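In what follows, a single structure is set out as structure tokens and then discussed.
The values are calculated or read from the model by the stated rules, or taken from the named source; none is laboratory data. Because the structure is predicted, anything quoted here is derived from the model rather than measured. Cβ: placed from backbone, ideal geometry, glycine included. Neighbour counts: every protein chain shown.
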Amino acid sequence: KAGVTQTPRYLIKTRGQQVTLSCSPISGHRSVSWYQQTPGQGLQFLFEYFSETQRNKGNFPGRFSGRQFSNSRSEMNVSTLELGDSALYLCASSLDGRPNTEAFFGQGTRLTVV
Amino acid sequence: GESVGLHLPTLSVQEGDNSIINCAYSNSASDYFIWYKQESGKGPQFIIDIRSNMDKRQGQRVTVLLNKTVKHLSLQIAATQPGDSAVYFCADTFEAAGNKLTFGGGTRVLVKP
């Protein structure tokens, strides 16, 4: 079966702009989580969506937001981009989001803010 | 896991030898632990998991050990192969956290032929 698909793979944006990243989970998976990966901070949890509802949120400013659609696809949006937002953004999907169910990661979207 | 910031520990191992990667976690409420492997240009890939009611679990060439007393996790890779070269992360979570994983800083494994 197809894995987690993230689009686009690479993105270059200017400070102050906004960006939308997309994640298509594995078919049948209802939980989608987003993570930011940087060399300095490692992998940090952004938020999790389950059945179109945000179920968990990490410690990121309100400029970071997301949503999930009825087909479980998810988007995350970052407004007023800052240089420090440059990172690899990873999406993970799991069947129901319970801790003992495996989360599958996509290849990520590499965002560069200039 | 505990983030270690900029410093990414590196483990150099000879092909065929065993590798041991260590990880500390901070949340005593964590009850589910996972090891991930991340190769260059790819997302993390699940290797093995363990629940807090166990102290050891074995997979194919991998073993995870959990010591809840000192909040320590280790991953042992037997007969390390060149394809094992990657960055390895531990992650932990707990029931009420849903799918929110807390990742450690990662360890880079370099396999020498």
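Below are the figures for this structure:
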{"item": "Residue match in region A:59-77 (condition: touching a strand residue (DSSP E or B) at 6+ places or on another chain (Cβ under 7 Å), within 11 Å of another protein chain (Cβ to nearest Cβ) and of a type in the set (Phe, Trp, Tyr))", "result": "no"}
{"item": "Those strands (runs of 3 or more DSSP E) lying entirely in region B:28-113 with at least 1 residues among the aliphatic types (A, V, I, L, M) and in contact with a Lys or Arg (Cβ under 7 Å, 6 or more places away or on another chain)", "result": "B:45-51, B:62-67, B:72-77, B:86-93"}
{"item": "Cross-chain or 6+ apart pairs with Cβ under 6 Å, region B:31-55 first and more than 8 Å from chain A (Cβ to nearest Cβ) and closer than 23 Å to residue B:108 by Cα, then of a type in the set (S, T, N, Q) and part of a strand (DSSP E or B)", "result": "B:37/B:45"}
{"item": "Single residue of region B:14-27 satisfying the filter (part of a loop (DSSP other than H, G, I, E, B) and not charged (D, E, K, R)) that is nearest to residue A:108 (Cα to Cα)", "result": "B:25"}
{"item": "Check on residue A:46, more than 8 Å from chain B (Cβ to nearest Cβ), part of a strand (DSSP E or B), modelled with pLDDT of 95 or more and under 15 Å from residue B:101 (Cβ atoms)", "result": "yes"}
{"item": "Any hit, region A:94-112, residues being more than 30 Å from residue B:51 (Cβ to Cβ), modelled with pLDDT of 95 or more, crowded, with 16+ Cβ neighbours inside 10 Å and in contact with a Pro (Cβ under 7 Å, 6 or more places away or on another chain)", "result": "yes"}
{"item": "Residue match in region A:67-81 (condition: of a type in the set (Val, Ile, Thr), under 24 Å from residue B:47 (Cα atoms) and crowded, with 17+ Cβ neighbours inside 10 Å)", "result": "no"}
{"item": "Unique residue being among the hydrophobic types (A, V, I, L, M, F, W, C), at pLDDT 95 or above, in contact with a Cys (Cβ under 7 Å, 6 or more places away or on another chain) and closer than 25 Å to residue A:58 by Cβ when the list is B:66, B:73", "result": "B:73"}
